[in-house]
Structure formats: structure tokens, C-alpha cells
């Protein structure tokens with residue numbers, strides 16, 4: 001006997017991965033230059049030179065038995081101190097190294113945090129649109145994911161809908177800004193609404209309701225400066241981070257969890273984080289990469305390339321007649337399907353070798369996600385295909 005649920009997850013990839021695999025097969029048939037793959041959020045910008053420099057210096061000077069050996073289960077103490085100090089100096093966060101846990105990327109950070117908090121009957125709220133794996137991560141703990149609809153068009157927080165969704169079973173909320181898949185950055189008003197509602201509900205129910213912030217796109221903002229606002233405003237905050245996007249290191253799987261030093265039960269929560277890491281087998285994140293990201297923490301790859309791609313694609317598609325959500329961050333464009341079914345629209349787009357992710361599994365029907373972390377040249381070459389596609393949609397609707 002095996003777990004039928006796990007069999008199902010393994011047998012049916014996410015819609016993103018399915019489209020990515022389709023793109024590889026199609027590229028082999030017609031040539032990669034003729035396929036416009038906007039499916040995967042895989043950074044196209046190289047890591048900053050400081051990453052290569054750090055790796056070379058470590059390889060040349062560090063004791064290899066230390067560099068490639070085990071660190072403490074929660075991560076190297078010096079690494080955690082460096083990153084904690086940077087979070088204090090860059091964002092003013094109440095973080096200490098003894099409340100940090102190095103992880104294999106943001107997915108591990110989220111799974112560890114959810115496992116640490118979840119008890120029987122718990123619910124976790126997130127806002128639409130949301131990364132589909134949130135549902136997998138939450139349900140893995142035996143808890144329930146409760147999506148709350150955001151304001152249509154802007155995808156800012158609907159305060160009333162959020163407050164109505166909270167129950168005595170609400171253990172926490174997952175917040176992702178800049179957002180995958182929409183690229184939306186939460187406004188100060190949305191952030192304030194989340195904090196005020198949670199403070200009210202914590203007092204009403206007399207138990208903590210945690211904010212879990214998913215921040216892999218924190219540095220990818222095009223208006224204003226990167227920020228990490230929630231831990232400064234709300235004591236019961238756990239920060240989950242990955243260097244996959246900021247340093248263009250998705251395949252290295254390196255990130256961290258940070259528990260707020262202002263949290264009343266911080267010692268117990270951190271102990272549960274460590275216990276969850278142990279139970280899930282997420283102990284001792286890759287040793288060398290821990291030291292590399294500590295050296296490069298706060299730096300970014302060339303984000304200006306993503307901004308150039310954003311402006312090119314958004315301006316071109318809106319001029320053609322597509323309706324797009326304006327993205328202030330990340331590297332995704334959320335486009336309204338010209339027809340009711342985003343899945344049908346995505347299938348029609350394949351006929352033009354345009355690979356666009358239908359967003360129903362993101363909790364919002366009628367949209368597709370376009371990942372513009374691709375070469376600018378590919379975007380330019382794809383534009384005539386987008387034009388052909390919208391013309392076909394217009395003929396269908398007439």
C-alpha cells in the first residue's frame with residue numbers, strides 16, 4: 001500500500017511544470033528559437049559577479065572538510081549572524097541569529113514554518129492570486145488552505161473579505177509581496193489592513209494568529225525600495241526567504257526562516273521550527289552556499305533587465321488590446337484571458353507556440369501568467385505571435 005495522495009501529486013505535475021515540459025518537447029520538434037516559453041519563473045539574468053568571486057575564494061582558502069562538511073542543523077552560526085545583522089541594518093527588523101534557520105530555499109522555509117505551527121483542525125489563509133504549491137504545503141500538514149479573494153483588477157487586500165474569513169481555527173496567513181503570479185506589490189493601506197485585522201482577531205480569540213511572509217521577490221521591485229514591512233509592524237511574524245530570485249540562484253536551493261524577536265512565544269516557535277526541520281529532513285542546508293549567500297546578502301542580479309522586459313511586454317500587449325495587471329515587482333505579467341476560459345485560451349496560444357500559464361490553480365479564473373524573466377530578444381520575437389493570437393480572439397468573439 002502507498003499514499004494515494006502522494007501518488008497523485010507525483011503523477012500530476014503542477015500546471016506550470018506541465019507547460020514547461022511541453023515546451024521542451026515542442027522545442028525539440030520545431031527548434032527552441034520558435035517556441036516562446038513564458039511558463040517558468042526561472043531567472044534569465046546571471047548571478048552577480050560577487051557570487052562567483054565568493055565561491056572561488058572559498059574553494060581556494062577554506063578548509064574543504066569544513067566547507068563541504070555539516071554545519072549545525074539550523075545553519076552555520078556565523079552565517080546566521082551576518083544575515084540577521086543585515087536584516088536589522090537594511091530593514092530594521094527585530095531579528096537575532098539564534099532565531100534564524102537556514103533552509104533549502106523558500107519552499108523548504110514555508111513547509112518548515114507550516115509544519116511547526118499546524119495542529120489538528122487549523123486553517124491558513126492566503127490571498128488570491130497565490131502560488132499553487134501553497135495548497136500542497138498547507139494540506140501536507142493536515143491543515144486547510146482558505147483563499148481570500150483580493151480586489152479584482154488591483155489584487156490589493158479586501159479588508160472585509162479578509163476579516164470574514166478568519167475563524168477561531170485560523171492559525172496563520174501566508175502573505176506574498178511582490179506577488180507570484182500577478183507582480184502586484186501590496187500598498188501601505190493593504191499592509192495596514194492586514195495588521196489591524198489580525199490584531200483585532202488575536203484579541204478576540206485570545207490566541208496568536210501568525211503572519212508567514214513569503215519574500216523571494218523582495219528585491220525585485222521597480223518603484224521605490226525593497227522592504228520587509230510585516231515583521232516591523234506585527235510581532236507574530238515568521239519571515240521565509242530564498243536567494244533564488246535576488247541572486248539568480250534557483251537551482252542552489254538556499255534560503256532561511258527568521259522568527260521575530262518580539263514574538264511572545266519566540267523560543268517555543270523557534271524550537272518548533274527546528275523540530276519541523278528535523279522531522280522533514282531539512283537539516284543543514286548546503287554548507288558552501290550558506291557561506292556564499294552570507295557574503296553576498298543584500299546584493300542582486302541586474303534587476304534592470306526585468307524592468308526593461310516588463311515595460312516592453314506590458315506596453316506592447318496593452319497596445320494590442322490585452323488587459324494586463326500592472327506589475328510593480330517580481331517578473332510576472334498577469335493577463336486577462338480574452339475568452340472566459342483561461343485554460344482554453346492557453347491551449348489556443350500553444351498553436352502559436354506561446355506558452356502561457358492558465359491561472360485557475362492560482363485561485364483566480366480567467367487569467368494567464370506570463371513569466372518575463374526571459375531574454376529580451378525572445379520577447380521581441382514573440383510579439384507578432386501575440387498580435388496574431390489577439391486577432392484570432394477578436395474574430396472568435398465577433
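Figures for the structure shown
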quantity: Top-ranked residue in region 160-189 [being surrounded by fewer than 18 Cβ atoms within 10 Å (Cβ to Cβ) and in contact with a strand residue (DSSP E or B) (Cβ under 6 Å, 6 or more places away or on another chain); ranked as nearest to residue 147 (Cα to Cα)]; calculated: 161
quantity: Hey, residue 96 in contact with a helix residue (DSSP H, G or I) (Cβ under 7 Å, 6 or more places away or on another chain) and at pLDDT 95 or above or not; calculated: yes
quantity: Any hit, region 302-317, residues being within 19 Å of residue 43 (Cβ to Cβ), surrounded by fewer than 20 Cβ atoms within 10 Å (Cβ to Cβ), touching a strand residue (DSSP E or B) at 6+ places or on another chain (Cβ under 7 Å) and touching a residue at least 60 places away in the same chain (Cβ under 8 Å); calculated: no
quantity: Residues that are at pLDDT below 90 and either surrounded by 12 or more Cβ atoms within 10 Å (Cβ to Cβ) or not in a helix (DSSP H, G or I) (or both), drawn from region 1-18; calculated: 1, 9, 12, 13, 14, 15, 16, 17, 18
quantity: Index of the failed condition, residue 326 passing every other in (1) in contact with a helix residue (DSSP H, G or I) (Cβ under 7 Å, 6 or more places away or on another chain); (2) more than 20 Å from residue 224 (Cβ to Cβ); calculated: (2)
quantity: Residue list for region 248-268, restricted to those being touching a residue at least 12 places away in the same chain (Cβ under 8 Å) and surrounded by fewer than 24 Cβ atoms within 10 Å (Cβ to Cβ); calculated: 248, 249, 250, 252, 253, 261, 262, 263, 264, 265, 266
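The values are calculated or read from the model by the stated rules, or taken from the named source; none is laboratory data. Since we're looking at a predicted model, the values are computed, not measured. In this analysis, Cβ positions are derived from the backbone assuming ideal geometry, glycine residues included, and neighbour counts consider all displayed protein chains.
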